[in-house]
Amino acid sequence: FLSIPMDARAAAEALLEKRGAGRYSLGVLCLCGFGWMSDGAENVVLSYMLPTLEDLWSLSPGQLGAMSTAIYFGQAAGATFWGALADAGGRRPVFLLSLALTVLFGVASSAAPGFYTYCMLRLATGFAIGGNLPLAVSLASELLPPSLRDRGVVALQLFNEIGSLGSTGLAALLLPGRWRLYLCLVALPAAAVLAAAAF
């Protein structure tokens, strides 16, 4: 966006403002919002899965620490990678790719047979999630009308909280016995964005 000449940028801003708060703006907000919802849902998974898997697989404190480290390392690496890739390849396709991988690795982690496989798949999930939040904010900031951007970005945070609360509710209903189903259901917001973007 910064490499676009000033007159072209001003023309794009004027066009977005003229378009106003219609279907397009609502669609952008919902797609980006569900990306943030996915981020919120996935970010609380660790809190609920640690005690579940500690009991199930008899994990040591060191293994629990390694699990946490893997996930957060994946997110940090992902945020850097996805941002650079989006600058080169465009925000929308890269955002959708990060969501597709969130679904793929999130669901795959539900089939993990043991600790090491689970850690690798959650590291990959964290890497994919690392693109969701920053790219959603970038898309909303660039595609919403200028007069609605502040409120739109604040509204994204509400989606994030809904994702966290939904994931917490699912954890209360399903854990510890049905943890594999829990991990599959947590991937639904990202899958919803992909389904909506296809139409």
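The values are calculated or read from the model by the stated rules, or taken from the named source; none is laboratory data. All figures in this text were calculated on a predicted structure; none of them were measured in a lab. Don't worry about glycine lacking a Cβ; one is built from the backbone with ideal geometry, like all the others, and counts go over all protein chains shown. To get the accessible areas, we keep the full protein, side chains included, count just its heavy atoms, and leave off ligands, DNA and RNA. Shrake-Rupley method; radii C 1.70, N 1.55, O 1.52, S 1.80 Å.
In this structure, is G131 part of a helix (DSSP H, G or I), of a type in the set (G, A, S), surrounded by 22 or more Cβ atoms within 10 Å (Cβ to Cβ) and at pLDDT 95 or above?
no
Give the residue that is surrounded by the fewest Cβ atoms within 10 Å (Cβ to Cβ), with candidates limited to residues of the stretch 134-164 that are within 12 Å of the chain's Cα centre (by Cα) and small (G, A, S).
Only one residue tops the list, namely S164.
Output the qualifying pairs, or none if there are none: Cβ atoms under 6 angstrom, residues six or more apart or on different chains, first residue in the stretch 73-97 and closer than 22 Å to A191 by Cβ and open to solvent by 50 Å² or more (accessible area, probe 1.4 Å), second residue among the hydrophobic types (A, V, I, L, M, F, W, C) and part of a helix (DSSP H, G or I).
Qualifying pairs under 6 Å: L85/V94; R91/L135; R91/L139.
Within the stretch 169-194, track down each residue that is out of contact with any Phe, Trp or Tyr (no Cβ under 6 Å at 6 or more places or on another chain) and open to solvent by less than 50 Å² (accessible area, probe 1.4 Å).
Selection gives G169, W179, Y182, L183, C184, V186, A187, A190, A191.
For residues that are of a type outside the set (S, T, N, Q) and in contact with a Phe, Trp or Tyr (Cβ under 8 Å, 6 or more places away or on another chain), scanning just the stretch 46-75, find the one that is nearest to A171 (Cα to Cα).
Filtering first and then ranking leaves Y48.
Between a first residue in the stretch 110-139 that is charged (D, E, K, R) and a second residue that is open to solvent by less than 10 Å² (accessible area, probe 1.4 Å) and part of a loop (DSSP other than H, G, I, E, B), which pairs have beta carbons less than 9 Å apart while being 6 or more apart in sequence or on different chains?
R122/A112
If only one of A111, A136, A128, A124 is among the hydrophobic types (A, V, I, L, M, F, W, C) and in contact with a Cys (Cβ under 6 Å, 6 or more places away or on another chain), which one is it?
Being among the hydrophobic types (A, V, I, L, M, F, W, C) and in contact with a Cys (Cβ under 6 Å, 6 or more places away or on another chain) holds for just one of A111, A136, A128, A124, which is A136.
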